[in-house]
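The values are calculated or read from the model by the stated rules, or taken from the named source; none is laboratory data. Just so it is clear, the structure is predicted and the values come from calculations on it, not from any experiment. Counting neighbours? That spans all protein chains shown, and the Cβs are built from the backbone with ideal geometry, glycine included. Areas reflect the complete protein model, heavy atoms only, side chains present, ligands, DNA and RNA absent. Shrake-Rupley method; radii C 1.70, N 1.55, O 1.52, S 1.80 Å.
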Amino acid sequence: MKAFLVEKIGENEFLSRVQDVSTPKCGENEIVIKVTYSSLNYKDALSSIGNPGVTRKFPHVTGIDVAGTVYESTSPIFKVGEKVLVTGYDMGMNTNGGHAQFVKVPAAWVARIPDSISDKEIMTFGTAGLTAALSINELIENGIKPESGEILVTGSTGGVGSIAIAILSKLGYSITAISGKKERINFLKKIGANEIILRDEFEEESKKPLLSEKYAGVIDTVGGKILANALKQVKYDGVVTCCGLISSHELNTNVFPFILRGVRLIGIDSVECKLEKKQAAWEKLASRWKINSLNTIINEITLDEVKTAYEHLLSGKAVGRYVVKIKEE
């Protein structure tokens with residue numbers, strides 16, 4: 001079968017390309033999926049260059065998201081021909097991922113694709129969409145309604161940010177987007193942002209422990225100074241979700257937003273969260289949270305174009321979501 005394979009060829013040197021590899025065979029309580037679509041994420045791009053925080057086992061097939069049909073099964077839960085997907089867990093990290101014509105996974109990782117959504121659509125969401133959905137769910141479950149006020153979304157042209165904006169807009173929220181890409185302002189408005197703030201302006205460090213209350217909620221995808229400054233501007237009883245560290249893994253802040261305004265900071269993990277929670281999120285994304293602007297954020301590519309797309313992701317040039325169509329031989 002064809003797969004996008006990363007090989008270690010030196011102590012700190014890696015080679016990545018499409019190659020022919022052996023088709024996987026089912027073990028006990030496992031499933032082999034015939035892949036129709038996958039997607040690209042920043043974590044995939046890091047894996048492709050041998051980042052040890054993501055992947056330590058080589059040769060390795062990238063791809064932390066996959067959708068397709070059950071080709072072979074030793075699980076009593078899944079039958080051959082069922083439409084399924086996998087996101088997260090160890091797939092695409094140290095277990096071979098979805099950038100291949102077939103992928104083998106434990107049955108415990110597998111979710112069913114709802115009937116109302118296609119493989120391509122669900123991979124447009126992928127891990128990024130799941131993370132966005134889990135973040136929005138936390139806002140809603142903690143009482144943040146459209147009438148509560150503005151929602152701030154950071155890293156807004158990325159996968160999580162752009163999908164979060166589109167869903168929030170559909171649900172009736174007013175959204176302020178932060179982006180470092182001035183040329184993408186029209187794109188952000190098209191998917192539902194009401195106001196755009198350029199990253200350099202927002203990132204300017206303020207020595208004040210608190211700033212004026214402005215946002216009812218925040219979906220942060222970048223960390224660092226942007227998250228620290230956002231926390232200072234959240235309204236009383238507001239909610240902030242945190243899921244990324246592209247800006248920085250460090251957070252230099254103070255306790256005032258938490259003890260004077262009752263702000264809640266909630267971490268979002270879409271990798272190891274319970275399968276039932278993932279399935280519930282997929283059901284929402286396939287129904288009342290399904291967005292009409294999916295085509296606006298899709299960049300459909302083939303396996304042969306994955307390497308170039310990784311370069312765009314790593315250089316910060318990517319916009320929206322890359323969806324990988326896996327061709328049959």
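Tabulated data
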item	result
Bridge type composition, region 60-203 - antiparallel percent by DSSP, nearest 5	45 percent
Long-range Cα-Cα pairs in region 220-329 (distance over 20 Å), rounded percent	63 percent
Environment charge at Leu303 (Cβ cut-off 9 Å; Lys +1, Arg +1, Asp -1, Glu -1)	+1
Relative contact order of region 33-133, pairs being alpha-carbon contacts under 8 Å that are 6 or more residues apart, as %	33 percent
Region 180-329 - percent relative contact order, Cα under 8 Å, separation 6 or more	16 percent
For region 46-118, size of Cβ-based charge dipole, Lys and Arg +1, Asp and Glu -1, in debye	140 debye
Sites Arg112 and Leu15 - FRET efficiency at Förster radius 35 Å, r taken between beta-carbons, to 0.05	0.45
16 Å reach of a label modelled at Leu314, 7 Å along Cα-to-Cβ, counting backbone N of region 22-40	40
Pairwise Lys count, region 158-210 - Cα closer than 28 Å, eight or more residues apart or different chains	11
Gained length - Lys214 relative to Lys181, 0.36 nm times residue gap less alpha-carbon distance	9.6 nm
Carbon and sulfur %, accessible surface of the chain computed with the full protein complex present, 1.4 Å	48 percent
Mean Cβ neighbour count within 10 Å, used as a protection proxy, ranking 65-78, 139-152 highest first	65-78, 139-152
Shape category assigned to region 1-158 from the gyration tensor of Cα positions, a/c cut at 1.5	oblate
Mean residue ellipticity (222 nm) of the chain, computed from DSSP H runs ≥ 4 via -39,500 (n - 2.57), nearest 500	-8000 deg cm²/dmol
For region 73-215, size of Cβ-based charge dipole, Lys and Arg +1, Asp and Glu -1, in debye	380 debye
Region 120-239: relative contact order in percent, alpha carbon pairs under 8 Å with at least 6 residues between	27 percent
20 Å-binned pair-distance histogram of the chain (Cα, whole percent)	33, 55, 12, 0
Among beta bridges that DSSP assigns inside the chain, antiparallel share in %, nearest 5	55 percent
Given charges at beta-carbon only (K, R positive; D, E negative), |dipole| of the chain in Debye	500 debye
